[in-house]
Each structure stands twice: as C-alpha cells, then as structure tokens.
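What follows is one structure encoded as structure tokens, with my remarks underneath.
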Amino acid sequence: MPKLTVDGSICLIDMGDDENRFSPAWLEETQAVLADVAASSSPAAVVTIGSGKFYSNGLDLDFLGGNPEQLGPYVERVQSLLATMLTLPVPTIAAVNGHAFGAGAMFAMAHDYRVMR
C-alpha cells in the first residue's frame, strides 16, 4: 500500500515493494494519499516511487477475472486516479525504479517528469 512521507516541501509517495497492482484497496489508498497532498499547503513537488522490483504492474487482472461485473466501475476508478495525478496543483515526478506495465506505465506518464533509476 502507498505510504506518504514529507521532507520539507517534497512529498514522497512510496507505492510499496510488491507489484503495486491497482487493486480496489490500492486505488482507494492512493486516491486518499493524493487528496492529502492536494489539500496540503506545503508541497512544492510530489515524487512517486516503488520500493521493490516494480514501479507498478498496473491493472489487477486477478480482481477483474474474479469480478467481471465490476469492469465498468473499476475502469472508472483507474481513470479517476490518472485524472487526479494529471491535475495535482504541484509538479510531479515518477521515479520509475523497475517494471511499469500497462496502466502502471500510464500512471508514470501522468507525471510531469519521469526518472529511471
């Protein structure tokens, strides 16, 4: 699950050390973290990073396979996350540290800057 830390005026969102798939819980927690950042008066920039082998593996296909009736609402939540990242009121940096596939790569591309580590 994503974790927010603040160092001065920089907000770091560590998305976790697993595959960082967009599970419903991950989407909810990430949206909450981004809402906290948007509501804050102090950030000058936001940096996202995965702390393991993956930046993000994107869509949670296991969830979708087990819940096909949730496809529409699930895709809307993913699109909402991308829109939130695109409209944050501060510069964003994706420190892509590993694999970024599908919607995970789209999430990285929604940032102002992308950095490969």
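Things to note:
- Under a model in which nothing but the beta-carbon of Lys, Arg (+1) and Asp, Glu (-1) is charged, the chain shows a dipole of about 340 debye around its Cα centre.
- The chain, relative contact order in percent, only Cα pairs under 8 angstrom and at least six apart counted: 28 percent
- Residues whose placed amide H lies under 5 Å from that of residue 59, excluding near-sequence neighbours: 22, 103, 104
- Estimated from helices alone, the mean residue ellipticity of the chain at 222 nm is -11500 deg cm²/dmol (sum of -39500 (n - 2.57) over DSSP H runs with n ≥ 4, per residue).
- The length gained on full extension between residue 3 and residue 38, counted as 0.36 nm times the residue separation minus their Cα-Cα distance, comes to 11.1 nm.
- Cα gyration tensor, region 61-117 - rounded (a/c under 1.5), prolate or oblate: oblate
- Counting only protein heavy atoms and a probe of 1.4 Å, the accessible surface of the chain is 58% carbon and sulfur.
- Farthest towards the positive end of the charge dipole of the chain, among the residues 115, 2, 15, is the Cα of 115, using unit charges on the Cβ of Lys, Arg, Asp and Glu.
- Among 85, 15, 106: highest mean-square fluctuation, GNM of the chain, C-alpha pairs under 10 Å: 106
- For the chain, the equivalent ellipsoid derived from the alpha-carbon gyration tensor has semi-axes of 23, 16, 12 Å in decreasing order.
- Heavy-atom accessible area with a 1.4 Å probe sorts 17, 36, largest first, into 17, 36.
The values are calculated or read from the model by the stated rules, or taken from the named source; none is laboratory data. Model, not experiment: these values are computed from the prediction. In this analysis, Cβ positions are derived from the backbone assuming ideal geometry, glycine residues included, and neighbour counts consider all displayed protein chains. When the accessible area is computed, the model is the full protein with side chains, heavy atoms only, and any ligands, DNA or RNA have been set aside. Shrake-Rupley method; radii C 1.70, N 1.55, O 1.52, S 1.80 Å.
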